[in-house]
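The values are calculated or read from the model by the stated rules, or taken from the named source; none is laboratory data. Keep in mind it's a predicted model, so treat the numbers as computed, not measured. Glycine gets a Cβ as well: all are built from the backbone with ideal geometry, and neighbour counts include every protein chain shown. We work out accessible area using only protein heavy atoms, side chains counted, and drop any ligands, DNA or RNA first. Shrake-Rupley method; radii C 1.70, N 1.55, O 1.52, S 1.80 Å.
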Amino acid sequence: MGYLLNENNFNDVIQEWQKDYLIYAPKKMLGEGMYSDTDITRYAAINDISEIEWEKKSDFSFKEVLLPLSETLFYYTEGTVKEAEANRKSGAVIFLRSCDLHAVKRLDEIYLRNGYEDFYYQRLRANVRFLVIGCSATYDNCFCVSMGTNHIDSYDAGLTINDGLFHINSHWEEMNPLFSRCSQKEAEVVIPFVTSNQINVKVPENLSIAVNSASLWKEYDSRCINCGRCNFVCPTCTCFTMQDIFYTDNGKAGERRRVHASCMVDGYTDMAGGGSYRKKNGDRMRFKVMHKVYDYKKRNGYHMCVGCGRCDDVCPEYISFSHCVNRLEDAMKEVTGNE
Amino acid sequence: MSKNEYTPFLSEILEVKKHTELEYTFRLSFNGDVRPGQFFEVSLPKFGEAPISVSGMGDGYVELTIRKVGKVTNEIFELYKGNTLMMRGPYGNGFDVEDYKDKELIIIAGGTGVSPVRGVIEYFHKNRTQVKDMTVITGFKSPSFVLFQEDLKNWNDNMKLILTVDKEDDTPSDVCENTKELPAYQVGLVTQYIPAIKVKSKTDTAILVVGPPMMMRFTVQGLLKEGYPEENIWISHERKMCCGIGKCGHCKIDDVYVCLDGPVFPYTKGRLLVD
Ligand SMILES: Cc1cc2nc3c(=O)[nH]c(=O)nc-3n(C[C@H](O)[C@H](O)[C@H](O)COP(=O)(O)OP(=O)(O)OC[C@H]3O[C@@H](n4cnc5c(N)ncnc54)[C@H](O)[C@@H]3O)c2cc1C
Ligand code: SF4
Ligand code: SF4
Ligand code: FES
């Protein structure tokens with residue numbers, strides 16, 4: 001069903017939702033950007049529709065709502081372990097774009113299906129609703145069309161803004177009476193999705209691990225400064241490291257946490273005794289790129305990368321992931337000796 | 001609600017056996033199914049967790065042989081019988097003894113790599129008729145690094161057993177507590193003994209190779225050179241692991257998660273993994 005709401009109407013809806021849900025949306029944070037005096041758009045809980053950044057691409061994704069940057073798993077004292085409570089007990093409504101809802105499927109793949117179902121993820125994921133904001137135009141660095149993530153129907157509600165009105169297409173039956181009550185009128189609503197980007201990527205058909213020995217990776221040895229930003233902004237990166245913290249006033253009590261980790265950063269593969277893998281940044285770049293467009297698909301049947309372009313937006317060294325993917329075809333030619 | 005795999009359970013330390021200054025075997029209370037080659041995440045609150053292979057098992061217990069190398073393992077060595085440790089697991093696939101039955105079994109293990117295969121050796125030591133023949137080659141750095149001395153003496157009765165050390169200790173053996181009653185040993189790398197392995201049919205073998213990466217590489221090379229088929233070889237990989245359950249990503253190589261799909265791999269699969 002389709003509904004047309006003005007800002008006040010939408011805030012009425014939000015207020016109603018807030019009884020059961022926290023509302024997360026991209027929000028402009030002033031002066032918190034990478035360089036001084038720049039702004040950053042990242043996810044936060046909102047109370048009013050006017051807080052939402054509708055124009056800019058969010059620098060960080062929604063993923064922290066489901067996978068907090070740092071999450072306490074349990075508290076311990078001598079001999080006892082007490083499970084930590086969830087940082088959010090109510091449900092959540094998340095405003096996000098098509099690519100990001102495709103990314104949710106990737107998070108689910110790892111946390112719900114790859115081996116055991118993850119208790120902590122599952123409880124934050126359980127009662128989450130997704131509102132997809134349509135994309136009328138592509139942003140810099142996006143290549144969702146190439147990755148097939150530019151379009152989605154499996155949202156709870158789709159949303160687009162036209163002539164100052166919020167046009168909502170609801171698949172959320174339970175909320176239809178609320179939408180109906182709060183709307184100016186009901187109408188057919190079509191959510192726009194882009195059908196082309198400025199950037200196109202092509203993952204070569206014949207891509208294989210043979211490409212590991214291609215020369216392109218070496219270029220990244222010195223260009224990449226292994227800061228890990230490309231992983232932290234990626235909506236599909238899911239790695240974490242365990243950390244034990246103990247409280248100084250009582251040496252016997254503390255907590256175990258998991259915190260986001262990056263395969264680009266030093267220490268990721270360190271083994272006891274000083275052994276480690278992928279010491280060179282170029283090897284880490286290879287590992288990341290191949291995971292995003294090759295081996296994840298080998299395991300799960302579809303590509304991990306959703307083409308949001310955030311890794312390109314954030315890299316301080318202007319390293320382009322999409323450009324790297326587009327070089328794989330030549331790299332395969334180099335290693336297979338064809339042409 | 002899904003089960004919380006991250007919260008460890010308490011396990012009592014039933015017995016501690018010292019092999020060397022740096023390597024002890026801890027017998028820990030545990031009830032449940034477990035296979036050799038699987039591992040537990042052993043944890044000490046405030047120090048962290050470490051994946052440790054099962055080196056032995058029995059009614060109501062598992063054994064873990066731990067090398068003291070860092071934060072968690074140092075602290076474990078401070079604990080003794082009657083104390084407790086926290087654990088979760090077992091994780092990973094482990095070795096499946098069914099795969100080796102009615103074959104000529106060859107096991108080549110180096111250093112702490114003996115731990116994950118110890119359960120396999122024990123099994124066929126007790127059920128010797130289930131394999132046609134059995135050769136075990138264990139290698140250690142020097143006499144003072146030899147693990148499982150008592151087992152090595154016991155196993156000798158119904159299998160071909162070679163104990164070898166890379167080199168003699170720099171200090172005379174009599175000053176070194178744990179080398180006093182060492183079984184007979186030879187000096188040389190495990191790879192030297194591969195050509196001398198006697199089997200009736202190389203195609204009818206099952207071969208397990210476990211140890212440090214270099215040792216596994218050269219051992220497999222030696223085996224292939226002697227004409228053993230690569231499909232008959234199994235190896236066990238070790239990687240950084242934070243979760244043990246397919247979530248943290250640290251152990252992933254290509255499309256494989258060592259913690260879920262391994263750590264034991266048929267060589268034909270394991271050899272293709274490039275970090
Ligand atoms: C599947 C699997 C099975 C395993 N089985 C066993 C087993 O049966 N027995 C066993 O003993 N171990 C086993 N290990 C290895 C064991 O997990 C590690 O030794 C353990 O995690 C070390 O933890 P720690 O906290 O004591 O060390 P940490 O404090 O984490 O110390 C190790 C870290 O400190 C640094 N470090 C430590 N020592 C040195 C050094 N000498 N030089 C340079 N840097 C150093 C390294 O960066 C390393 O990452 C296994 C590992 C895996 C993955
Ligand atoms: S590719 Fe760029 S963002 Fe990623 S680690 Fe390297 S320098 Fe940092
Ligand atoms: S790899 Fe880059 S483009 Fe692909 S999903 Fe991650 S951040 Fe987006
Ligand atoms: S150890 Fe975490 S994914 Fe394998």
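Here are a few things to note about the model shown:
- Heavy-atom accessible surface of the range A:25-178: percent carbon and sulfur, 1.4 Å: 47
- Loop-located chymotrypsin sites (Phe, Trp or Tyr not before Pro) across the range A:41-137 with a Cβ neighbour count of 15 or fewer within 10 Å are A:TRP54, with loop assigned by DSSP.
- For the range B:1-120, carbon and sulfur atoms together expose 43% of the accessible surface, with a 1.4 angstrom probe and every protein chain in place.
- Take the Cβ atoms of A:GLU173 and A:ASN6, set R0 to 25 Å, and the FRET efficiency comes out at 0.60.
- Semi-axis lengths, Å, the protein assembly as shown, gyration tensor of Cα atoms, sqrt of 5 times eigenvalues: 52, 28, 21
- The residues of the range A:171-253 present an accessible area of 56 Å² per residue when probed at 1.4 Å with all protein chains retained.
- Averaging the sequence gap over all C-alpha pairs within less than 8 Å and six or more residues apart, then dividing by the number of residues, gives the range B:1-82 a relative contact order of 30 percent.
- Placed amide H near A:VAL201: partners under 5 Å, 5+ positions off or other chain: A:SER146
- The phi torsions of the range B:182-195, fed into the Karplus equation with coefficients 6.51, -1.76 and 1.60 and a -60° offset, translate into couplings of 5, x, 4, 9, 10, 10, x, 6, 4, 4, 4, 8, 4, x Hz, rounded to whole numbers, with Gly and Pro shown as x.
- Chain A and chain B together bury an accessible surface of about 3800 square angstrom, both sides counted, with a 1.4 Å probe and no ligands or nucleic acids included.
- Averaged over its residues, chain B has an accessible area of 42 Å² per residue, based on protein heavy atoms and a 1.4 Å probe.
- Annotation: amide H of B:ILE137 within the under-5 Å range of B:ILE107, B:ILE108, B:ALA109, B:ILE162, sequence separation 5 or more or interchain, hydrogens built in the peptide plane.
- Mean separation of Cα pairs under 8 Å and 6 or more residues apart, divided by the residue count, gives chain B a relative contact order of 18 percent.
- Loop sites in the range B:191-275: trypsin sites (Lys or Arg not before Pro), DSSP, at most 16 other Cβ within 10 Å: B:LYS198, B:LYS200, B:ARG271
- Long pairs among B:LYS17/B:LYS126; B:LYS200/B:LYS225; A:LYS57/A:LYS288; B:LYS3/B:LYS126; A:LYS19/A:LYS63, criterion Cα-Cα beyond 28 Å: B:LYS3/B:LYS126
- Each eigenvalue of the Cα gyration tensor of chain A, multiplied by 5 and square-rooted, gives one semi-axis; in descending order these are 35, 29, 18 Å.
- 5 angstrom amide H check on B:THR84, placed H, neighbours 5+ away: B:ILE13
- Cβ-Cβ distance of A:ALA84 and A:LEU112, R₀ of 30 Å, FRET efficiency by 1/(1 + (r/R0)^6): the value works out to about 0.90.
- Cα gyration tensor shape for the range A:162-254, rounded if a/c is under 1.5, else prolate or oblate: oblate
- Mean residue ellipticity at 222 nm, helices only, chain A: -6500 deg cm²/dmol; runs of at least 4 DSSP H residues each add -39,500 (n - 2.57), and the sum is divided by the number of residues.
- Karplus-derived HN-Hα couplings along the range A:73-85 (A = 6.51, B = -1.76, C = 1.60, θ = phi - 60°), whole Hz, x at Gly and Pro: 8, 7, 9, 10, 10, 4, x, 10, 10, 10, 4, 6, 7
- Our summary gives the range A:75-175 a relative contact order of 27 percent, counting only alpha carbon pairs under 8 angstrom and 6 or more residues apart.
- Cα gyration tensor shape for the range B:27-143, rounded if a/c is under 1.5, else prolate or oblate: prolate
- Approximating the spin labels as points 7 Å out from Cα along Cα→Cβ, the B:GLN221-to-A:THR248 distance works out to 5.2 nm.
- The GluC sites (Glu not before Pro) of the range B:61-146 that meet both conditions, a loop assignment by DSSP and at most 15 other Cβ atoms within 10 Å of the site Cβ, are B:GLU78.
- Hypothetical label at A:ASN162: residues of the range A:169-183 whose amide nitrogen lies under 14 Å (7 Å Cα-Cβ projection): A:169-170
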